[in-house]
Amino acid sequence: MSERIYIFDTTLRDGEQCPGASMNIEEKILMAKQLEKLKCDVIEAGFPITSHGDFEAVKRIAESVRTVSIAALARADKRDIDRAWDALRDASRPIIHTFIATSDIHLKYKLKKTREQVLEEAVNAVQYAKSLCGRVEFSAEDASRTDLDYLCQVVEAVVEAGADVINIPDTVGYAIPSEFSERIRTLRARVPNIDKAILSVHCHNDLGLAVANSLAATLQGARQVECTINGIGERAGNTSLEEVVMALRTRRDYFGDFETGIETHEIYPTSSLFTNLTGMMVQANKAIVGRNAFAHEAGIHQDGVIKEKTTYEIMRPETVGIKENKLVMGKHSGRHALQLKYRDLGLELSKEELEKAYVLYKKVADKKKEVFDDDLVVIVRDALRVVPDPYKLNYIQASSGNQILATATIILEKGGKSLREAAVGDGPVDAAINAIQRITGVAGKLLDYSVHSVTRGTDALGEAFIKVDFGKVTLIGKAASTDVVDASARAYLNAVNKLEHYRAALAERQEPDSQLNNKYEK
């Protein structure tokens, strides 16, 4: 009989802490619904106490995602727990996830508290959270560097206090698989009430061992793995969801008959959606979801795969949702074909959403011989963008060369009025941004700028990502076009539009600009 390994996805909480991975509320909801299709057991939607934006994101996800558990993070503090519960109270399956550090280094330098104080606060937090919510998870932060005797004491006490899940984090990615698995084995052996709770692990990838540590823990009795899409997260990232799930599935001969419940054919669509929402690219050789994961170039490998796929493929690409094109999409393709293609990609569009996507699709198709799956993902993301766009780019003309000064002419539309401006710059992109700044009166400093080819070919769709510092707020702009300068200008304008949106949101709540902070500035 198979045993269940629960998958706790923290892409929207720990994953979003990765620099550049921030999403606005609507993008988080879109991602949460895809994680629901992936059939994660738990979606950790955010850390409500940190900002109004995080609170609203958790609240709206809790209201809109109904078939999986929704967790919110809270320190071992009554105010944190109250805020988490306020965000979660409408969830169909809420979980309060409370934590406190237990390692001596954290106690001495961060908390400045004794072991006895931390133990008391952990117990009180679990008891209080349990009085509000039917399901509570407790995490002993930096558990892999915590004195083992003390860790056993803390775990026993919080289980007795009512914790349903005990999470053992390798917070700084310090553990080695053999010692981490031994720590899990020791907890199961020495904590008398450990069977009353599910044992969970949350590993970071600072030494590149997050997946290895998580898998090793399952062999010693851990039955929940906390992970993120594409392994995204703080510093070097978290345990990669797709790697853990596929390792357990592919190597049942080693791990045993474990079941995760994950719809594996949704893995690649989920990875692609996250990439396109955040601009955090997956390296080509990334396991499971990298573009080279199922590519074969060596002649010997190609010959083997042609004769028998299992010679060089231990997984089938179709298993994780990587499909060969069955519908070739071009400029003559209609709405019905587009709808079927999106359905094949795992996106069910309403009539209105399809119409918005089709308008953008035709613009791209007129410039390209063939529109690929990755193009379609970018198109639908741009078409369904819900952040209001006060400014619209109606016209762009740029010129540059090694013998002339780069210039750009921009025509924007706002409130039905046409606004025109021209500017020079160090290059056509710089000139276009300067022209936009003149029209909008909003000057920002570029912190990061990248353009990547979404698909192959000289007519590939280029996607631009721009990170802009507007002084009190840092925003990410994204846009796609077959023209790099056009994509870059639209990406910068996307960031300006987001700034306008957040200023309006603050004005509605009568909050000063200073309330904006990097947790809310998505």
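The values are calculated or read from the model by the stated rules, or taken from the named source; none is laboratory data. Predicted, not measured: the structure shown is a model, and the values here were computed from it. Cβ: placed from backbone, ideal geometry, glycine included. Neighbour counts: every protein chain shown.
Identify, from the list Ala175, Ala122, the residue that is part of a loop (DSSP other than H, G, I, E, B) and crowded, with 21+ Cβ neighbours inside 10 Å. Matching residue, one of Ala175, Ala122: Ala175.
Among the candidates Glu242, Glu234, Glu226, which residue alone is at pLDDT below 95, crowded, with 18+ Cβ neighbours inside 10 Å and within 19 Å of the chain's Cα centre (by Cα)? Before you say what the answer is, go through the steps one by one.
Values: Glu242 fails: at pLDDT below 95; Glu226 fails: at pLDDT below 95.
Residue meeting the stated conditions: Glu234.
You will find that of Arg66, Arg89, Arg115, Arg93, the residue that is touching a strand residue (DSSP E or B) at 6+ places or on another chain (Cβ under 6 Å) and more than 28 Å from Val473 (Cα to Cα) is Arg93 and no other. For beta carbons closer than 8 Å, sequence separation of 6+ or different chains, a first residue in the stretch 95-119 that is free of Cβ contacts under 8 Å to residues at least 12 places away in the same chain and farther than 20 Å from Val159 by Cβ and a second that is surrounded by fewer than 20 Cβ atoms within 10 Å (Cβ to Cβ) and among the acidic types (Asp, Glu), the qualifying pairs are Lys113/Glu121. Assess whether Ala91 counts as being assigned to a loop (DSSP other than H, G, I, E, B) and free of Cβ contacts under 8 Å to residues at least 40 places away in the same chain. Taking the combined requirement at face value, the residue satisfies it. Assessment of the stretch 326-338 against the conditions (at pLDDT below 85, crowded, with 19+ Cβ neighbours inside 10 Å and part of a strand (DSSP E or B)) yields at least one matching residue.
Scanning the stretch 134-162 for residues that are in contact with a helix residue (DSSP H, G or I) (Cβ under 7 Å, 6 or more places away or on another chain), more than 23 Å from Ile96 (Cα to Cα) and not aromatic (Phe, Trp, Tyr) gives Arg145, Asp147, Leu148. Would a scan of the stretch 163-173 turn up a residue that is over 31 Å from the mean Cα position of the chain (by Cα) and over 20 Å from Ile96 (Cβ atoms)? No, the stretch 163-173 contains no residue that is over 31 Å from the mean Cα position of the chain (by Cα) and over 20 Å from Ile96 (Cβ atoms). I need the full set of residues from the stretch 180-216 which are out of contact with any strand residue (DSSP E or B) (no Cβ under 6 Å at 6 or more places or on another chain) and either of a type in the set (Ser, Thr, Tyr) or without any contact (Cβ under 8 Å) to a residue 12 or more places away in the chain (or both), in order please. Selection gives Ser181, Thr186, Ala189, Asp195.
Residue-wise test of (1) more than 20 Å from Arg4 (Cα to Cα); (2) charged (D, E, K, R); (3) not in a loop (DSSP other than H, G, I, E, B).
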site: Ser144; (1), (2), (3): yes, no, yes
site: Val158; (1), (2), (3): yes, no, yes
site: Ala163; (1), (2), (3): no, no, no
site: Asn167; (1), (2), (3): no, no, yes
site: Pro192; (1), (2), (3): yes, no, no
site: Asp195; (1), (2), (3): no, yes, yes
site: Val201; (1), (2), (3): no, no, yes
site: Ala217; (1), (2), (3): no, no, yes
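Apart from one condition, His52 fits all of (1) surrounded by fewer than 20 Cβ atoms within 10 Å (Cβ to Cβ); (2) of a type outside the set (A, V, I, L, M); (3) at pLDDT 95 or above; the exception is (3). Just one of (1) surrounded by 19 or more Cβ atoms within 10 Å (Cβ to Cβ); (2) modelled with pLDDT of 95 or more; (3) farther than 22 Å from Leu241 by Cβ fails for Asp104. It is (1).
Output yes when any residue across the stretch 252-260 is among the basic types (Lys, Arg) and not in a helix (DSSP H, G or I), and no when none is.
no
Filtering Glu421, Glu521 for residues that are in contact with a strand residue (DSSP E or B) (Cβ under 6 Å, 6 or more places away or on another chain) and either part of a strand (DSSP E or B) or modelled with pLDDT of 90 or more (or both) leaves a single hit, Glu421.
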